[in-house]
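Quick notes on the structure that follows.
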Amino acid sequence: MNIFRLAGDMTHLASVLVLLLKIHTIKSCAGISLKTQELYALVFATRYLDLFTDYISLYNTLMKLIFLVSSFSIVWYIRHHKIVRRSYDKDQDTFRHYFLVLPCFLLALVINEKFTVKEIMWTFSLYLEAVAILPQLVLLQRTRNIDNLTGQYVFLLGAYRSLYILNWIYRYFTEPHYVHWITWISGLVQTLLYADFFYYYFQSWKNNVKLELPA
Amino acid sequence: NDESNDHDEL
């Protein structure tokens with residue numbers, strides 16, 4: 001464990017908590033893409049299959065449980081909570097995210113480190129996580145006015161990925177055998193997707209204006 | 001320790 005990875009995990013945890021806090025307190029999911037949340041739930045479900053078989057550390061197991069419970073409860077809130085669901089803008093959240101699932105699965109079948117069920121599901125979850133933010137970014141472009149909790153949520157997600165890249169650089173130099181090209185490339189692609197959001201987020205923060213994404 | 005594991009990251 002290194003500081004970059006710990007900071008990355010904490011930032012990731014914060015992003016989920018910000019989202020849960022937003023939905024639970026103001027009972028609204030305005031501006032949040034259900035499709036991105038469903039993709040994240042699927043990412044965690046396929047990545048943490050080894051939750052009960054491979055014990056790595058208490059921290060690892062605890063965090064996996066938190067991410068699983070929070071991502072599925074966010075999906076439940078937006079789908080089924082009688083008040084929250086009313087604020088879900090399904091007409092705007094139209095990204096066909098099922099079109100992301102199949103290519104990621106096929107890619108995982110072709111490019112993986114080991115051809116085993118667990119490894120393929122793990123690789124699939126990596127590729128899926130890289131593109132899972134797309135419905136949310138498309139929704140932000142559409143709705144234009146981004147409330148600051150949603151903006152903070154996406155910002156924290158981007159920060160978590162950036163910190164993970166620093167973690168991989170650190171591990172590459174400190175652990176001789178640590179080479180995971182698949183993780184690094186899909187992680188890099190994912191972080192690049194946030195780049196333009198970051199740019200506009202900092203612009204709005206610097207000029208102290210409301211965050212607006214170009215149409 | 002958890003460094004040796006293949007997929008020890010979240």
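Can you find a residue in segment A:176-194 that is closer than 18 Å to A:Y48 by Cβ, of a type in the set (V, I, T), in contact with a helix residue (DSSP H, G or I) (Cβ under 8 Å, 6 or more places away or on another chain) and surrounded by fewer than 19 Cβ atoms within 10 Å (Cβ to Cβ)? Yes, segment A:176-194 has at least one match. All of (1) part of a helix (DSSP H, G or I); (2) within 23 Å of A:T11 (Cβ to Cβ); (3) free of Cβ contacts under 8 Å to residues at least 40 places away in the same chain hold for A:I56 with one exception: (1).
Just one residue in the set A:Y178, A:Y200 is among the aromatic types (F, W, Y) and not in a helix (DSSP H, G or I); that residue is A:Y178. Residue selection: A:Y77 fails the criterion of being of a type outside the set (A, V, I, L, M, F, W, C) and over 24 Å from A:L139 (Cβ atoms). Identify the residue in segment A:28-56 that is charged (D, E, K, R) and at pLDDT 95 or above and, among all such residues, is surrounded by the fewest Cβ atoms within 10 Å (Cβ to Cβ). Checking each candidate, the answer is A:E38. The residue that is farthest from the chain's Cα centre (by Cα), among those in segment A:170-187 that are more than 11 Å from every other protein chain (Cβ to nearest Cβ) and without any contact (Cβ under 8 Å) to a residue 24 or more places away in the chain, is A:P176.
Among the residues making up segment A:100-118, a single one is touching a residue at least 60 places away in the same chain (Cβ under 8 Å), within 14 Å of another protein chain (Cβ to nearest Cβ) and within 23 Å of A:I133 (Cβ to Cβ): A:N112. Tally the residues that are part of a helix (DSSP H, G or I) and away from every other protein chain (no Cβ under 12 Å), restricting the search to segment A:1-45. The qualifying residues number 24.
The values are calculated or read from the model by the stated rules, or taken from the named source; none is laboratory data. Nothing here was measured: the structure is a model prediction, and the numbers come from that model. Here Cβ is always computed from backbone atoms with ideal geometry, including for glycine, and neighbour counts include all displayed protein chains.
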